[in-house]
Amino acid sequence: MMEVYLDNNATTMVDPKVFEEMKPFFCDIYGNPNSLHRFGAGTHPKMVEALNFLYEGINAADEDDIIITANATESINTVIKGVWIDKILNGDKKHIITTEVEHPAVTAACRFLQSQGVAVTYLGVNAEGTIDAQQVKDCIKDETALVSVMWANNETGKIFPIKEIGQICRDAGVLFHTDATQAIGKIPVDVQDCNVDYLSFSAHKFHGPKGIGGLYVRKSCALTPLLHGGEQMGGLRAGTVDVASMVGMGWAMKLATSTMALAYEKNHISKLRDKLESAILELPDTIVIGGTENRTPNTTLISIRGVEGESMLWDLNQKGIGASTGSACASEDLEANPVMNAFGSDSELAHTGVRFSLSRFTTEEQIDYAIEVIKNAVTRLRGISSSYAYAPASHASGL
Ligand SMILES: *Cc1c(COP(=O)(O)O)cnc(C)c1O
């Protein structure tokens, strides 16, 4: 049986080239980078190189900082809680703006701040699954400390107007954080061009190892550390850095953000995604959530009426295919996906979404196999669905 991994927005395979670069740092070059002897110092050249790859990958300026963290969740918490301490507890700003469709790392951190008396505005998305930059502008007040809007959505792949939002925040003197975890390696990310102050990412979403991430901090933007301890990362993130993973993340960034790699995503991966998507859309009562415009090249979130998302995943898994009903972090409970809920009141829509996310390792042969399996699964599941048999309805208009 062919195995087809179509859940790359949850995590990706480590690129074998990345793994090769990591290997020496387990048994050969294992010194603590903070030690003064030759063993520690031996780690430095490759760490410096990795850091340079990170700077190049997001076009950070030399004077800016990139802090190595454990993952995007830590980066996000560091920014949101750091701004809270700096601007809200120690200042007179009490307001944060974000969206309804952020990853739980952002939403849960914001909910925590709400429990501490901070006002949070959650911007709703439009029918295209994104927001207008103007919505941000309209909500900025004198007390606004931070705007946090994701670069691309993990469920729909929808790309947010980051450049416009960055300009609005810069003009208003409000700090701007973006969760770019789903953007890096899929579309160009340029922190200077987009006036970004803070940016979070996780290596395992772009073919790097799990358990390592980064936080970009523009020069002159304050950062209050989340972890206190040793003087690592200039005191901004204490704890001995995972050298092997840091080197791996650097190489993963270099490979994923090269002009060639991004062109391959845009021209080739998007074609494979479109082939899969249009084959599914040939079936009646299917719809792409948020529409097909302005998405990352690798993602599609499709609602198949009469087919419970979880049942579909089960059928696909039996045939060797891994997909998702949406965020892996939220799928353990069978509650409707919050991102789908954000699209409106159609609760069936919210339960029938299946997300397919490709990577540069996905082949056309795999997509052809997936199409065949998906079509058979839909036929089988609709055949046993009580609601679909009696009421094959068209989807709500406008979606
Ligand atoms: C995966 C993901 C995260 C969290 O990444 P971790 O490595 O689990 O911390 C945050 N935001 C988005 C958009 C993601 O897709």
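Counting only residues that are within 12 Å of the ligand (Cβ to nearest atom) and either free of Cβ contacts under 8 Å to residues at least 40 places away in the same chain or not in a strand (DSSP E or B) (or both), region 173-184 holds 6 of them. The strands (runs of 3 or more DSSP E) located wholly in region 44-136 that include 1 or more residues which are within 29 Å of T257 (Cβ to Cβ) and in contact (Cβ under 8 Å) with a residue 40 or more places away in the chain occupy 65-69, 95-99. With the structure loaded, tell me whether D197 is in the same structural domain as V48 (by TED's automatic domain parsing), within 18 Å of the chain's Cα centre (by Cα) and open to solvent by less than 10 Å² (accessible area, probe 1.4 Å) or whether it fails that test. Taking the combined requirement at face value, the residue satisfies it. Restrict the check to region 42-52 and report whether at least one residue is closer than 30 Å to E365 by Cβ, open to solvent by less than 50 Å² (accessible area, probe 1.4 Å) and assigned by TED's automatic domain parsing to the domain that holds V247. No, region 42-52 contains no residue that is closer than 30 Å to E365 by Cβ, open to solvent by less than 50 Å² (accessible area, probe 1.4 Å) and assigned by TED's automatic domain parsing to the domain that holds V247. Just to verify a result, which residue in region 129-153, among those that are among the aliphatic types (A, V, I, L, M) and surrounded by fewer than 24 Cβ atoms within 10 Å (Cβ to Cβ), is nearest to the ligand (Cβ to nearest atom)? By that ranking, first place goes to I131. Residues in region 1-32 that are over 18 Å from the mean Cα position of the chain (by Cα) and in a loop (DSSP other than H, G, I, E, B): M1, M2, E3, D15, K23, D28, I29, Y30, G31, N32.
The condition (being at pLDDT 95 or above, within 16 Å of the ligand (Cβ to nearest atom) and in contact with a helix residue (DSSP H, G or I) (Cβ under 7 Å, 6 or more places away or on another chain)) is satisfied by just one residue among T107, T121, T156, T99: T156. Among helices (runs of 4 or more DSSP H) entirely within region 238-308, having at least 2 residues that are closer than 21 Å to E155 by Cβ singles out 270-281.
The values are calculated or read from the model by the stated rules, or taken from the named source; none is laboratory data. The structure displayed is predicted, hence computed values, not measured ones. Note that each Cβ is placed from the backbone with ideal geometry, even for glycine, and that neighbours are counted across all protein chains shown. Heads up: the accessible areas ignore ligands, DNA and RNA and are worked out on the full protein's heavy atoms, side chains in. Shrake-Rupley method; radii C 1.70, N 1.55, O 1.52, S 1.80 Å.
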